[in-house]
Each structure stands twice: as structure tokens, then as C-alpha cells.
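The values are calculated or read from the model by the stated rules, or taken from the named source; none is laboratory data. Note that the coordinates shown come from a computational prediction; the quantities given were computed from them, not determined experimentally. Reconstructed Cβ throughout: ideal geometry from the backbone, glycine too, with neighbour counts over all protein chains shown. Heads up: the accessible areas ignore ligands, DNA and RNA and are worked out on the full protein's heavy atoms, side chains in. Shrake-Rupley method; radii C 1.70, N 1.55, O 1.52, S 1.80 Å.
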Amino acid sequence: QVQLVESGGGLVQAGGSLTLSCAASGSIFSRYTMGWYRQAPGKQRELVARITSGGNSNYAESVKGRFTISRDNAKNTVYLQMNSLKPEDTAIYYCNAVRGFNLSWGQGTQVTVSS
């Protein structure tokens with residue numbers, strides 16, 4: 001399995017930007033599909049963006065055109081560039097790694113967008 005540590009969260013005004021990072025260790029990072037999920041208070045955890053080992057990505061409709069997921073296999077890190085942030089983007093953001101039956105989650109990082 002892979003261990004994940006997220007960073008980069010914080011408080012930002014609406015319209016601002018943040019970049020989240022998720023550093024992985026413990027396994028062959030490049031073989032994993034990596035994802036960013038988020039969970040707002042009182043809501044279910046939802047997929048924000050996902051990138052496969054081959055570099056293919058997909059996004060939630062609510063973030064398309066604003067967020068970009070990328071990965072650097074040499075650094076064992078996946079990123080989430082978030083632009084044009086909105087108050088409704090406020091949530092705890094979690095990194096996720098999947099390969100076959102192996103599933104790992106990070107501890108989460110808080111993103112708060114003020115209006």
C-alpha cells in the first residue's frame with residue numbers, strides 16, 4: 001500500500017487560487033490512479049478529480065475549467081491546482097490512491113474560501 005500526506009490547504013478569498021499537494025510513499029506511485037476528493041460539512045465525500053497511471057484525467061462538473069490535476073511520478077506527488085475558487089469549494093480535501101484492490105487515503109487538508 002501507499003501512504004499519502006496532503007498539504008497546501010488554507011484560507012483564501014473567493015476568486016483566489018490554491019495548489020494542493022499529495023506526497024506518496026511506500027509503493028510504486030506511478031502505477032496508481034490518484035484522486036482528489038472533498039467533503040464539506042454535512043455532505044458526503046465526493047470526487048473532485050482523478051488521474052490515471054497513464055495520465056488521463058477526469059473532473060467533477062462543478063470544477064471543470066477551474067481545477068487541474070497533475071502528477072509528477074519522479075517526485076511521487078500529485079497536485080490539484082485550484083483557480084477561481086468559490087465559497088462552495090470549502091471542504092476538507094483528501095488524496096486517494098487506487099490500484100486494484102489497494103486503496104489508500106490521506107488525512108485531509110482544509111480549504112476554506114471566504115466570500
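Just a few scattered comments:
- Backbone HN-Hα couplings from phi across the range 92-109 [Karplus 6.51/-1.76/1.60, Hz, Gly and Pro as x]: 8, 9, 10, 9, 9, 10, 10, 8, x, 8, 8, 9, 10, 10, x, 7, x, 9
- Counting protein heavy atoms only, the range 1-40 has 48 percent of its accessible area on carbon and sulfur, 1.4 angstrom probe.
- Spatial offset of the range 30-61 relative to the range 89-112 amounts to 8 Å, using the alpha carbon center of each.
- R0 of 25 Å, Cβ-Cβ distance Leu11-Glu46: FRET efficiency to nearest 0.05: 0.70
- Shape call, the range 59-115: gyration tensor on alpha carbons, a/c limit 1.5: prolate
- The mean accessible area for residues of the chain, using a 1.4 Å probe and ignoring ligands and nucleic acids, is 52 Å² per residue.
- Sparse-neighbour loop sites [trypsin sites (Lys or Arg not before Pro); the range 1-80; at most 16 other C-beta within 10 Å; DSSP]: Lys43, Arg45, Lys64, Arg66, Lys75
- Annotation for the range 40-113: GluC sites (Glu not before Pro) lying in DSSP loop with at most 11 further Cβ atoms inside 10 Å of their Cβ are Glu61.
- Share of carbon and sulfur in the accessible area of the range 53-115 stands at 48%, probe radius 1.4 Å.
- The range 10-115 - Kirkwood radius from inverse mean 1/r over Cα pairs (Å): 13.9 Å
- Legend: calculated FRET efficiency, Trp105 to Thr68, from the Cβ-Cβ distance at R0 = 25 Å, rounded to 0.05, equals 0.70.
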